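The structure under discussion appears below in the form of structure tokens.
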Amino acid sequence: MKNPYLVLLITAFISMSMFSQENTENKEASKNFNELKINMTNLIGFKWFDIGYERTINEESSFGVGVLTRIGSDRDDSDGLDEYRTFSITPYYRHFFSQKYAQGFFIEGFAMVHSGKHEIYSYNSITQNGSYSGNKYTDLAIGVSAGAKFVTKRGFIAEIYLGIGRDMLDQSDIEVVGRGGVALGYRL
């Protein structure tokens, strides 16, 4: 070789490039992402505002919390499913079974603190008046869900999941609660 400095420079550049790429990959693999999501199924189908926050722990697990509140009147029970629930907060832990970073098929364990009101309609035939009365409740459900999460290169999230839980405190007539839907969001 005519110029040993050129060979040394090229070798140093290639070595630094490889180290830099390796360092970037390790940094990406150890990064914890924050995700914000809204459950579109609950919004459109049941008139519930259901938002969620999730944080990745590592490439195969994450934890998060969902908050659900009813939109509109308590007596607007056109859904028929879990019609008495008016509010819930649901912390969860997910484990992913995919080669991709915190996405793909997952299984989730959750605890749901939910409240609502059991309403009874009473009609007086003499006065021909009706009225609603009911009891408020707060209960705790423990359950599992399964689903899949898909994330684009730019961070757009689409996920679908379905789960079931059992009430533990027997404060309401509801013994089983559901969790699920199609959520859209963004990974930050």
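The values are calculated or read from the model by the stated rules, or taken from the named source; none is laboratory data. Note that the structure is predicted; figures quoted are calculated from it, not measured. As a convention, Cβ positions derive from the backbone with ideal geometry for all residues, glycine included, and neighbour counts pool all protein chains shown.
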query: Hey, among the residues in segment 68-96 that are among the polar types (S, T, N, Q) and in a strand (DSSP E or B), which one's modelled with the highest pLDDT?
result: Thr90
- prompt: What residue, among those in segment 160-173 that are surrounded by 19 or more Cβ atoms within 10 Å (Cβ to Cβ) and touching an Asp or Glu at 6+ places or on another chain (Cβ under 9 Å), is farthest from Arg85 (Cα to Cα)?
  reply: Tyr161
task: Return a yes/no flag: does segment 60-67 have any residue that is more than 18 Å from Glu159 (Cα to Cα) and either modelled with pLDDT under 95 or of a type in the set (D, E, K, R) (or both).
output: no
task: Say whether the condition of being among the aliphatic types (A, V, I, L, M), in a helix (DSSP H, G or I) and modelled with pLDDT under 55 is met by at least one residue in segment 17-36.
output: yes
field: Considering residues of segment 142-155 that are out of contact with any Leu (no Cβ under 8 Å at 6 or more places or on another chain) and surrounded by fewer than 19 Cβ atoms within 10 Å (Cβ to Cβ) only, the residue nearest to Lys37 (Cα to Cα)
entry: Phe150
task: Could you check, for segment 163-172, whether at least one of its residues is touching a residue at least 60 places away in the same chain (Cβ under 8 Å) and more than 20 Å from the chain's Cα centre (by Cα)?
output: yes
